[in-house]
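Participant: My questions all concern the structure below.
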Amino acid sequence: MELWQLIINTTTTTIITFLMVALLQNTESRNDAAVQHKLNALADGLADLMQHTAQQRHGPESHGLDQSRRELRRAVGLEDDESA
């Protein structure tokens, strides 16, 4: 095998390896973003359910549930919208 063939094969292998790593990292990043989006949607739905349940109850039970809802929203970085 001549030297130029070895150089071409090595270069080609390096480029293909680099592209495969980039593709795998891109796929992993998109997967992580999709999982985070789903978790945020679940946390938002749970917080809304907690708010609805707290509105149906009165007293210390309601206060504890409302506090837990605020903690959940703060933990996942959701906006705590106050609507009347």
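Participant: Restrict the check to the range 68-81 and report whether at least one residue is in a loop (DSSP other than H, G, I, E, B) and over 17 Å from the mean Cα position of the chain (by Cα).
Facilitator: Within the range 68-81, one or more residues are in a loop (DSSP other than H, G, I, E, B) and over 17 Å from the mean Cα position of the chain (by Cα).
Participant: Further question: Scan (1) surrounded by fewer than 11 Cβ atoms within 10 Å (Cβ to Cβ); (2) touching a helix residue (DSSP H, G or I) at 6+ places or on another chain (Cβ under 7 Å) for the single condition M50 breaks and write down its number.
Facilitator: (1)
Participant: Do you know which residues across the range 53-82 are touching a helix residue (DSSP H, G or I) at 6+ places or on another chain (Cβ under 6 Å) and aliphatic (A, V, I, L, M)?
Facilitator: Passing the criteria: A54, L65, L72, V76, L78.
Participant: Here is a further query. Give the number of residues within the range 70-84 that are closer than 18 Å to K38 by Cα and modelled with pLDDT of 80 or more.
Facilitator: Number of matching residues: 5.
Participant: Of the residues L3, L39, L46, L23, only one is free of Cβ contacts under 8 Å to residues at least 24 places away in the same chain and within 25 Å of the chain's Cα centre (by Cα); which?
Facilitator: L23
Participant: Considering every residue within the range 31-48, establish whether at least one is more than 30 Å from G77 (Cβ to Cβ), modelled with pLDDT of 90 or more and hydrophobic (A, V, I, L, M, F, W, C).
Facilitator: There is no residue in the range 31-48 that is more than 30 Å from G77 (Cβ to Cβ), modelled with pLDDT of 90 or more and hydrophobic (A, V, I, L, M, F, W, C).
Participant: I'm trying to understand the selection: among the residues of the range 29-47, which are more than 18 Å from D66 (Cα to Cα) and among the acidic types (D, E)?
Facilitator: If the condition is that a residue be more than 18 Å from D66 (Cα to Cα) and among the acidic types (D, E), then D32 is the only one that fits.
The values are calculated or read from the model by the stated rules, or taken from the named source; none is laboratory data. Everything quoted here is computed from the prediction, not taken from an experiment. Cβ: placed from backbone, ideal geometry, glycine included. Neighbour counts: every protein chain shown.
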